[in-house]
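Let me begin by presenting the structure, written as structure tokens, before commenting on it.
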Amino acid sequence: MDRYCVFGNPIGHSKSPAIHAAFAAQTGQQLTYEARLAPLDGFAAAVQAFIAEGGKGANVTVPFKLEAHKLAQALTVRAQAAGAVNTLHFTEQGIIGDNTDGAGLVADIVNNAGVAITGKRVLLLGAGGAARGVVLPLLEHRPAQLVIANRTVATAEELARQFAALGGAGVVSGCGFGQVEGPFDIVINATSASLQGDLPPLPDGVFAPGTLALDMMYGAQPTVFMQYASGHGALARDGLGMLVEQAAEAFAVWRGVHPATGEVLHRLRAAL
Ligand code: ATR
């Protein structure tokens, strides 16, 4: 049986083994997928050990996505753009680094939430690794505008500058939270503020009735961002769909078949 795993630290609560087991059963693929704790100073060695054991591919989560980017011998265009790798493919040509996070987010927005990105005004909150990973896939859907807002304004401006040429004239811009001028059709929270129960300080008017407000975080309860957005008329969504979709995209990279995600998402939601 072909072997896959997810590397992280910590990794105990990862939902990826259950998600990939469900995908394998659904598509009739023969494979195993396990969670592996890599030492904080031993990621590369852990990957090499897994390859030596016959591993065919791996997902990579916190805190190893930048190290995985360095370790890869070749990078897909979207992994280059993201500056981080969440999916490794061990091939005869070497270790290929890919990033399926952005594709997962876009699939969740377009297919699961049923909201088109094309022609819309999109606000991306945050300019760290999670935000960077989704900029290219968002731009591929040709939004009318993509505003990147961050607590550290210079980081948002720099990220916008890097992607400006890809978005078309005047589409991508960066600013601080205070300079954001709404309303937006889609607001994506890619800051880690929700982890601390914090809310990016947004001015009034960012949300309108029907705005899709997506937090990349998830939990049994709505995040503070989701609560705030709902209170301002937005349709709030957490990051569980993105998690399942990035997994489906990784599964497709490895196995050449794209699993259906609806039932897996439904089951994960029920178990939160
Ligand atoms: P990740 O990989 O999760 O994106 P990161 O690269 O450390 O982690 O980036 C964290 C992001 O969340 C950054 O955009 C950070 O803002 P700064 O660039 O100003 O640090 C943002 N962030 C973290 N805590 C925040 C908070 N309490 N309020 C607003 N933004 C926050």
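Report the FRET efficiency, 1/(1 + (r/R0)^6), for Q179 and S230, where r is their Cβ-Cβ distance and R0 is 30 Å, rounded to 0.05. Mind showing how you got there, number by number?
Working: r = 24 Å, r/R0 = 0.81.
The calculated FRET efficiency here is 0.80.
May I ask you to derive the relative contact order of the chain, considering only C-alpha pairs under 8 Å and at least 6 residues apart, and to give it as an integer percent?
That works out to 15 percent.
So which lysines can K15 reach, going by Cα to Cα under 23 Å and dropping same-chain residues fewer than 8 places off?
K56, K65
For G174, enumerate residues with amide H under 5 Å from its amide H, sequence gap 5+ or separate chain, H modeled in the peptide plane.
Those qualifying (amide H under 5 Å, at least 5 residues apart or on another chain) are I148.
Using only alpha carbon pairs under 8 Å that are at least six residues apart, calculate the relative contact order of the stretch 46-205 and give it in whole percent.
Across the stretch 46-205, relative contact order equals 18 percent.
Compute the length gained on full extension between H13 and E263: take 0.36 nm times their separation in residues and subtract their Cα-Cα distance, giving the result in nm to one decimal.
Roughly 88.0 nm would be gained on extension.
Can you list residues from other chains, or at least 5 along the same chain, whose modelled amide H is less than 5 Å from the amide H of N59?
For N59, whose amide H was placed from the backbone, the distant partners under 5 Å are C5, V6, F7, L88.
Using a ≥ b ≥ c from the Cα gyration tensor of the stretch 102-238 (square roots of the eigenvalues), is it rounded, prolate or oblate, where a/c under 1.5 gives rounded and otherwise the larger of a/b and b/c decides, a/b for prolate?
rounded
Could you tally the net charge around G114, taking each other residue with its Cβ under 12 Å from the Cβ of G114, Lys/Arg +1 and Asp/Glu -1?
My count for the surroundings of G114 gives 0.
Distance from a point 7 Å along Cα→Cβ of A154 to each backbone N in the stretch 92-126: keep the residues under 18 Å and list them by number.
In the stretch 92-126, the label zone of A154 (backbone N under 18 Å from the point 7 Å along Cα→Cβ) covers 126.
Send over a whole-number figure in Å² for the accessible area per residue of the stretch 102-238, probe 1.4 Å.
Result: 42 Å² of accessible area for each residue.
All other residues with a Cβ under 15 Å from the Cβ of P222 taken together, and with Lys, Arg as +1 and Asp, Glu as -1, what is their net charge?
That sum, taken over residues with Cβ under 15 Å, equals -1.
Can you give me the Cα centroid spacing of the stretch 217-256 and the stretch 29-80 in angstrom?
23 Å
In the chain, what percent of the accessible surface is made up of carbon and sulfur (1.4 Å probe, ligands and nucleic acids excluded)?
54 percent
If you count, for each residue, the other Cβ atoms within 10 Å and average over each peptide, how do 151-159, 2-10, 224-232 line up from highest to lowest?
Working: 151-159: 16.8, 2-10: 20.4, 224-232: 18.8.
Per-residue mean Cβ counts within 10 Å order the peptides as 2-10, 224-232, 151-159.
Under 14 Å from the Cβ of G210, count the other residues' Cβ atoms, weight Lys and Arg +1, Asp and Glu -1, and hand me the total.
Numbers: positive: K120, R121, R237; negative: D185.
After counting each charged neighbour, the total is +2.
Would you kindly derive the ³J(HN,Hα) couplings of the stretch 123-131 from the backbone phi angles with the Karplus curve 6.51 cos²θ - 1.76 cosθ + 1.60 (θ = phi - 60°), listing them in order in whole Hz, with x for Gly and Pro?
10, 10, 9, x, 9, x, x, 5, 5
Quick one: 3J(HN,Hα) in Hz for the stretch 211-217, Karplus 6.51/-1.76/1.60 with θ = phi - 60°, rounded, Gly and Pro as x.
Taking θ as phi minus 60°, the curve returns 4, 8, 10, 10, 9, 5, 7 Hz for the stretch 211-217.
Tell me the mean residue ellipticity at 222 nm calculated for the chain from its helices only (DSSP H runs of n ≥ 4, each -39500 (n - 2.57), averaged over every residue, nearest 500).
Details: 10 runs with 103 residues, N = 272.
Taken over the chain, the calculation gives -11000 deg cm²/dmol.
Please list, ordered by chain and number, the residues whose modelled amide H lies under 5 Å from the amide H of Y33; skip anything fewer than 5 residues away on the same chain.
Y4
Read phi for every residue in the stretch 177-190 and hand back ³J(HN,Hα) as whole Hz from Karplus 6.51 cos²θ - 1.76 cosθ + 1.60, θ = phi - 60°, with x for Gly and Pro.
Each residue's phi maps through the Karplus curve to give 4, x, 8, 5, 10, x, x, 10, 7, 9, 10, 10, 8, 10 Hz.
The values are calculated or read from the model by the stated rules, or taken from the named source; none is laboratory data. Fair warning: this is a prediction, and the values are worked out from it, not measured in the lab. We place every Cβ from the backbone using ideal geometry, glycine too, and count neighbours over all the protein chains shown. These accessible areas exclude ligands, DNA and RNA; they are computed on the full protein's heavy atoms, side chains included. Shrake-Rupley method; radii C 1.70, N 1.55, O 1.52, S 1.80 Å.
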